[in-house]
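Participant: Supplied in structure tokens, the structure appears directly below.
The values are calculated or read from the model by the stated rules, or taken from the named source; none is laboratory data. Since the structure is predicted, the reported quantities are computational estimates derived from the model, not experimental observations. With ideal geometry, Cβ positions are generated from the backbone for all residues, glycine too; neighbour counts draw on all protein chains shown. Heavy atoms of the whole protein, side chains included, go into the accessibility calculation; ligands, DNA and RNA do not. Shrake-Rupley method; radii C 1.70, N 1.55, O 1.52, S 1.80 Å.
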Amino acid sequence: MTLKVYRSLLLLFLVNSVWTRTVRQVYDEMDPEHWSHYTFECPRECFCPPSFPNALYCDNKGLKEIPAIPARIWYLYLQNNLIETVSEKPFVNATHLRWINLNKNKITNNGIESGVLSKLKRLLYLFLEDNELEEVPAPLPGGLEQLRLARNKISRIPEGVFSNLENLTMLDLHQNSLLDSALQSDTFQGLNNLMQLNIAKNSLKKMPLSIPANTLQLFLDNNSIEVIPENYFSAIPKVTFLRLNYNKLSDDGIPTNGFNVSSILDLQLSHNQLTKIPPINAHLEHLHLDHNRIKSVNGTQICPVSIAVAEDYGFYGNIPRLRYLRLDGNEIQPPIPLDIMICFRLLQAVVI
């Protein structure tokens with residue numbers, strides 16, 4: 001009997017020890033100064049998951065104002081509400097915020113209190129998509145890594161708004177109202193680490209000026225761009241993914257070697273006005289040319305190396321790397337020309 005009691009007590013002690021250690025780990029991972037300073041108060045309009053004490057879920061609640069944010073919160077979800085203003089008061093204690101999602105609200109520039117965003121010193125991700133902004137909000141927190149402003153009414157980018165955002169890697173401005181005049185030569189100055197720039201679905205007629213040199217992904221779909229300037233991509237030597245679908249590019253608007261760029265691996269030129277395939281680089285892997293006005297394909301002409309040389313390449317030779325070629329929606333009739341297959345030995349799919 002005594003042995004059974006001891007065993008029960010030992011089991012209870014071990015369970016309590018494990019539970020206490022697990023709870024302590026949750027607090028320890030919160031990092032700010034000392035876990036005992038934090039309580040688990042939760043705004044009545046929101047949900048605070050016990051298993052994720054750094055997060056506050058206030059999405060889809062019909063909120064018209066931002067509730068007071070507890071000091072422990074790092075991740076704040078406020079999307080799909082009716083919020084019109086962003087004031088300083090709810091964020092007084094929220095000095096550790098890393099992530100704010102304010103997508104799908106009714107926020108205007110006048111509704112953002114001056115300086116409220118820049119005071120969130122630890123903020124890394126700011127989502128303000130599907131609101132009613134007419135210009136990029138300023139000033140912004142200097143530590144931001146992602147800024148998402150898609151589907152607003154933005155037609156103006158204040159001078160110097162990005163100048164202190166050296167850590168920003170992704171800027172999404174697609175589906176706004178940007179004209180060429182909104183993108184000056186110094187608009188993107190300061191974005192030294194930007195990797196993705198999305199300006200699709202705006203009203204651009206020209207390629208934007210002074211894209212940051214480290215940009216890897218440039219998305220310009222659904223504009224009205226007609227011309228690629230000579231040597232345009234020499235200023236962005238790392239660009240890898242380039243999307244220019246749904247523009248007004250013609251053969252005359254593309255320099256002879258405009259897309260013959262070794263860094264570009266994925267080139268999308270669908271839904272333009274091309275009648276022939278522009279010269280490409282041997283490093284290109286994916287080429288989208290569907291829904292243009294191309295009538296025929298000559299593998300000898302488009303091959304980045306001579307067909308004779310291509311035939312001599314061994315399996316491990318430095319052959320052109322094209323793997324995917326899309327040509328449907330043109331006036332090309334099958335079969336696929338044999339010289340296409342001779343040149344592009346690595347082709348896995350051709351869509352005609």
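Participant: Compute, for the chain, the length of the dipole vector about the Cα centre, with Cβ point charges of +1 (Lys, Arg) and -1 (Asp, Glu) only. Units Debye, rounded to 20.
Facilitator: Result for the chain is approximately 1040 debye, rounded to the nearest 20.
Participant: Which FRET efficiency, nearest 0.05, do Glu132 and Gln273 yield, Cβ-Cβ r, R0 41 Å?
Facilitator: Plugging the Cβ-Cβ distance into 1/(1 + (r/R0)^6) gives 0.75.
Participant: Using r as the Cβ-Cβ distance of Ser155 and Asn318, and R0 as 56 Å, what FRET efficiency do you calculate, to the nearest 0.05?
Facilitator: 0.75
Participant: Using a 1.4 angstrom probe on the protein heavy atoms only, line up Ser155, Ser87, Ser114 by accessible area, largest first.
Facilitator: From most exposed to least exposed: Ser114, Ser155, Ser87.
Participant: In Å², what does the accessible area per residue of segment 42-136 work out to with a 1.4 Å probe?
Facilitator: Ligands and nucleic acids excluded, the figure is 47 Å² per residue.
Participant: Let me ask another. Residue by residue through segment 87-101, which ³J(HN,Hα) values in whole Hz follow from phi under the Karplus form 6.51 cos²θ - 1.76 cosθ + 1.60 (θ = phi - 60°), with glycine and proline marked x?
Facilitator: 10, 6, 3, x, 9, 4, 8, 8, 8, 10, 4, 10, 9, 10, 10
Participant: Hey, another quick one. Restricting attention to segment 73-146, which trypsin sites (Lys or Arg not before Pro) occupy a DSSP loop and are surrounded by at most 16 other Cβ atoms within 10 Å?
Facilitator: Sparse-neighbourhood loop trypsin sites (Lys or Arg not before Pro): Arg98, Lys106, Lys119, Lys121, Arg122.
Participant: List every residue whose amide H lies under 5 Å from the amide H of Asn330, counting only residues 5 or more places away in sequence or on a different chain, with H placed 1.01 Å from N in the peptide plane.
Facilitator: For Asn330, whose amide H was placed from the backbone, the distant partners under 5 Å are His291, Asn292.
Participant: Between Leu216, Ala150, Ser263, whose Cα lies farthest towards the positive end of the dipole of the chain when Lys and Arg beta carbons carry +1 and Asp and Glu beta carbons carry -1, centred on the Cα centre?
Facilitator: Of Leu216, Ala150, Ser263, it is Ala150.
Participant: Also, I was wondering about something else. Accessible area per residue for segment 196-247 in Å², computed with a 1.4 Å probe and the full protein assembly in place, what is it?
Facilitator: So segment 196-247 comes to 43 Å² accessible per residue, rounded to a whole number.
Participant: Out of Leu124, Gln189, Ala138, whose Cα points farthest toward the positive end of the dipole of segment 123-222 (charges: +1 Lys, Arg; -1 Asp, Glu; placed on Cβ)?
Facilitator: The listed residue farthest towards the positive side: Gln189.
Participant: How large is ³J(HN,Hα), in whole Hz, for each residue of segment 105-113 in order, when computed from phi with the Karplus curve 6.51 cos²θ - 1.76 cosθ + 1.60 and θ = phi - 60°, using x for Gly and Pro?
Facilitator: My calculation for segment 105-113 gives 10, 10, 7, 10, 4, 5, x, 9, 4 Hz in order.
Participant: Select from segment 197-234 those trypsin sites (Lys or Arg not before Pro) which occupy a DSSP coil region and have at most 14 other Cβ atoms within 10 Å, ordered by residue number.
Facilitator: Those satisfying the criteria are Lys205.
Participant: Sticking with this structure for a sec: Share of the chain's accessible area from carbon and sulfur, percent, 1.4 Å?
Facilitator: Carbon with sulfur: 51 percent of the solvent-accessible area.
Participant: I want the antiparallel fraction of DSSP beta bridges within the chain, as a percent rounded to 5.
Facilitator: Antiparallel bridges: around 5 percent, rounded to the nearest 5.
Participant: Rounded to the nearest 10 Å², what accessible area does Cys42 have for a 1.4 Å probe in the complete protein model?
Facilitator: The value for Cys42 is about 50 Å².
Participant: Full-extension gain between Lys295 and Ser163, please, as 0.36 nm times their residue separation minus the C-alpha to C-alpha distance.
Facilitator: Difference between extended and current length: 42.8 nm.
Participant: First measure r as the distance between the Cβ atoms of Ser51 and Ile342, then evaluate 1/(1 + (r/R0)^6) with R0 = 56 Å and state the FRET efficiency to the nearest 0.05.
Facilitator: 0.45
Participant: I'd like to know which of Gly253, Thr275, Asn80 lies farthest towards the positive end of the charge dipole of the chain, counting +1 on Cβ of Lys and Arg and -1 on Cβ of Asp and Glu.
Facilitator: Asn80
Participant: Something else now. Please check which bits of segment 286-308 a label hung off Asp252 would reach, taking the label as a point 7 Å along Cα-to-C-beta and the cut-off as backbone N under 20 Å.
Facilitator: Within reach of a label on Asp252: 292-295.
Participant: For the chain, which span is the longest to avoid every loop-located (per DSSP) member of chymotrypsin sites (Phe, Trp or Tyr not before Pro) having at most 10 other Cβ atoms inside 10 Å?
Facilitator: Result, exposed sites excluded: 41-314.
Participant: Identify which of the listed values of Rg/Rh (Cα atoms, Kirkwood Rh) was calculated from the structure shown: (1) 0.95; (2) 1.14; (3) 0.92.
Facilitator: (2)
Participant: Related question: Between the helical axis of 2-28 and the dominant principal axis of the chain, each derived from Cα atoms, what acute angle in degrees is found, rounded to the nearest 10?
Facilitator: 50 degrees
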